[in-house]
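Report on one structure; see the data block that follows.
The values are calculated or read from the model by the stated rules, or taken from the named source; none is laboratory data. All values derive from a computational prediction rather than experimental measurement. Don't worry about glycine lacking a Cβ; one is built from the backbone with ideal geometry, like all the others, and counts go over all protein chains shown. Side chains included, ligands, DNA and RNA excluded: accessible areas come from the protein's heavy atoms. Shrake-Rupley method; radii C 1.70, N 1.55, O 1.52, S 1.80 Å.
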Amino acid sequence: MIPRSPLSLFLKVLMGLFLLFLYGPTLTIMILSFQGPQGGLTFPLKDVSLHWFSSLFQEQRVGDIGSSFRRSLTLAVLVMFVNVLIVVPAGLALRRGFRGSRVIFTLTIASLVVPSILVSMGIGLLFSQTGVEANWYTSGLGAHLTWTVPFGVLIMIGVFARLNPTYEEAARDAGASRWQSFRFVVLPIILPNIVGVLLFGFSLSYDEMPRTVLAGGAHNTLPLEIFAMTSNVTTPVLYALGTITTLVSFVVISLTLLFITLARRRTGAVKKA
Amino acid sequence: MQPQAPKRPLFERLLPYMQIAPLALLLCFFLLIPLVMIVTVSFWNYNGFQVVPDIVLFNYTEMLGSATIWRTLFSTILFTLTTLAVTAALGFAIAYHIAFYVRTPLMRTVLFMACTIPFLTSNIIRMISWVPFLGRQGLINSMLMDIGLIDQPLDFLLYSRFAICLVYVYLFTLFMVTPLYNAMSRIDRSVIEAAIDAGATPVQIMFWVVLPLCKTGFAIGAVFVITVVMGDFVTVRIMGGGHSATTGYLILNQISLLQYPAACANAVMLLVVVMSAIGGLLRGVDIRKAL
């Protein structure tokens, strides 16, 4: 270990400030979302109330939050599963190698690094010019997958690179079919990573906005609804919405971390036995 | 080639192609064809009402002759360079602290997760959460006025280039922290021990031993920062208050005016700029090795 010095103290302080910088603003709007009915967008808190949470669900005041919230949740669940179904087989294929794998890999990286607005616009154009109606669960789903799939593929490549092939060889020697060695040997080992990919897919989709903006069709997802609200809503109702959607994200993240820890503990127990 | 090949090897040979098919189809229909579509439409003609298939260079000549387009591109590049510089320095310091000064693996994981978890929450909400700090009556202004440093609230804090850059750093530093931390975790500890034994000071270790070993990490982080900032329109809309523009924002405006071919020409320019920057950065970087 590098010995302590003024540098280490400086870095420690910087780390603390950085965490404050990362979480301070979010915590602040969580507090401000409990503003009283007379309160504004900044401190002081004038009274403490649930006023802005209740006005969130009165449709006329702020637009149709309820349905866009439902759409976003549905889409995120859809993306979450389709993402894994694309990514895990792709990881297996890339691990074995095949003709054209470099092209596919390059395209996957491209899908990540092409600016989102261009993906969104291209998909929107494709649907409008071919006369197919754009919708959040068709073109929108595709647009979200272009964002979630590269992350998933990169994670799977890393996972399979670390997976010791002797386990499968042993299974095959013992008479397991290709499917059995995947189902009963590989899958349990990579399960925590798959849960991670599920979480990533859900969270990235649930908060996705730049790729949906021109590809999502007529009905807004929640981030689009919030984006529209930022230009005409100037009350703490925005903060109330922010508090709720951030809590949704945190619940998903915590559940996933819990699953991963439990799964790791289980495979750990198997390894020891 | 092998007409009498037995059934199983054929299946074995086809298997990777069946496994990759969903990914290939997705990339084809939702990435490749849409991008080809943008390039095609950039050569089309349009009037106030509709877009007409055609082959004209008009959209490009008009774009390249427009001072607004160049000014916006320049401002976008300036935003990108500023963000790159700040996130690289900050990300390096944070990753360095976690990788080399935090002793227990559990604590390292916790701190690393703390830096990455905000990525999985809503960016727009995180932007809005700066309003109570930066506004005319925000926390920063009222604090500065309370301690008597200023008499008038500072206007440049919100709806300004400053606010935009601040939020870029806020949102995108983790794009640097992650690959840099990854690169630092791979550094053989005996290299550090050797440097200590040879009498290197902590600062020398940081800049002369670790920094050069993080090149790949910087490259990957820069790729992410470039792609998100160059293509941004959300932060500029929300934090810029209409005073600033980026190329992405311009494209969105052109689309709302139904000037699709002009927007597409702009998009092609953005694509060329971003892809050449990224291509240059990733030259000689093997992403697969960094996973």
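Quick rundown of the values:
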| read-out | value |
| --- | --- |
| Complete set of residues in the stretch B:98-115 that are more than 17 Å from B:Val225 (Cα to Cα) and in contact (Cβ under 8 Å) with a residue 12 or more places away in the chain | B:Ile98, B:Ala99, B:Phe100, B:Leu111, B:Phe112 |
| Test result for B:Gly148, at positive phi and either touching a Phe, Trp or Tyr at 6+ places or on another chain (Cβ under 8 Å) or more than 7 Å from chain A (Cβ to nearest Cβ) (or both) | yes |
| Breaking point among (1) hydrophobic (A, V, I, L, M, F, W, C); (2) crowded, with 18+ Cβ neighbours inside 10 Å; (3) more than 9 Å from chain A (Cβ to nearest Cβ), for B:Ala263 | (3) |
| Answer residue from the stretch A:90-102, given it is free of Cβ contacts under 8 Å to residues at least 40 places away in the same chain and in a helix (DSSP H, G or I) and is least open to solvent (accessible area, probe 1.4 Å) among those | A:Ala93 |
| Residue count for the stretch A:182-191, restricted to those that are closer than 14 Å to A:Phe160 by Cβ and not aliphatic (A, V, I, L, M) | 1 |
| Among residues of the stretch B:116-165, those that are open to solvent by 30 Å² or more (accessible area, probe 1.4 Å), free of Cβ contacts under 8 Å to residues at least 40 places away in the same chain and not in a loop (DSSP other than H, G, I, E, B), counted | 9 |
| Wholly enclosed helices (runs of 4 or more DSSP H) of the stretch A:1-73 bearing at least 2 residues within 14 Å of chain B (Cβ to nearest Cβ) | A:6-32, A:51-56 |
| Residues located in the stretch B:266-280, provided they are more than 7 Å from chain A (Cβ to nearest Cβ) and in contact (Cβ under 8 Å) with a residue 40 or more places away in the chain | B:Asn266, B:Val268, B:Met269, B:Val273, B:Ala277 |
| Condition met for A:Val87 (assigned to a helix (DSSP H, G or I), away from chain B (no Cβ under 14 Å) and modelled with pLDDT of 95 or more) | no |
| Qualifying position, being in contact with a Phe, Trp or Tyr (Cβ under 9 Å, 6 or more places away or on another chain) and either open to solvent by 10 Å² or more (accessible area, probe 1.4 Å) or aromatic (Phe, Trp, Tyr) (or both), among B:Leu271, B:Leu250, B:Leu257 | B:Leu250 |
| Residue match in the stretch B:104-120 (condition: away from chain A (no Cβ under 11 Å), in contact with a Pro (Cβ under 7 Å, 6 or more places away or on another chain), polar (S, T, N, Q) and farther than 30 Å from A:Thr42 by Cβ) | no |
| Output for the stretch B:205-235, where each listed residue is more than 10 Å from chain A (Cβ to nearest Cβ), part of a helix (DSSP H, G or I) and not β-branched (Val, Ile, Thr) | B:Phe207, B:Trp208, B:Leu211, B:Pro212, B:Leu213, B:Lys215, B:Gly217, B:Phe218, B:Ala219, B:Gly221, B:Ala222 |
| Some residue of the stretch B:210-230 being at pLDDT 90 or above and either under 30 Å from B:Val52 (Cα atoms) or touching a strand residue (DSSP E or B) at 6+ places or on another chain (Cβ under 8 Å) (or both) | yes |
| The stretch B:64-89 residues that are on the phi < 0 side of the Ramachandran plot, paired with ones that are surrounded by fewer than 18 Cβ atoms within 10 Å (Cβ to Cβ) and of a type in the set (Lys, Arg) (beta carbon under 6 Å, 6 or more apart) | none |
| Single residue of the stretch A:130-146 satisfying the filter (at the interface with another protein chain (Cβ under 10 Å from one of its Cβ atoms) and in contact with a helix residue (DSSP H, G or I) (Cβ under 7 Å, 6 or more places away or on another chain)) that is surrounded by the fewest Cβ atoms within 10 Å (Cβ to Cβ) | A:Leu141 |
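Table: residues versus (1) without any contact (Cβ under 8 Å) to a residue 60 or more places away in the chain; (2) more than 19 Å from the chain's Cα centre (by Cα).
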residue	(1), (2)
A:Val82	no, no
A:Val87	no, no
A:Ile104	yes, yes
A:Ile109	yes, no
A:Ser120	no, no
A:Glu133	no, yes
A:Gly142	no, no
A:Val149	no, no
A:Leu154	yes, no
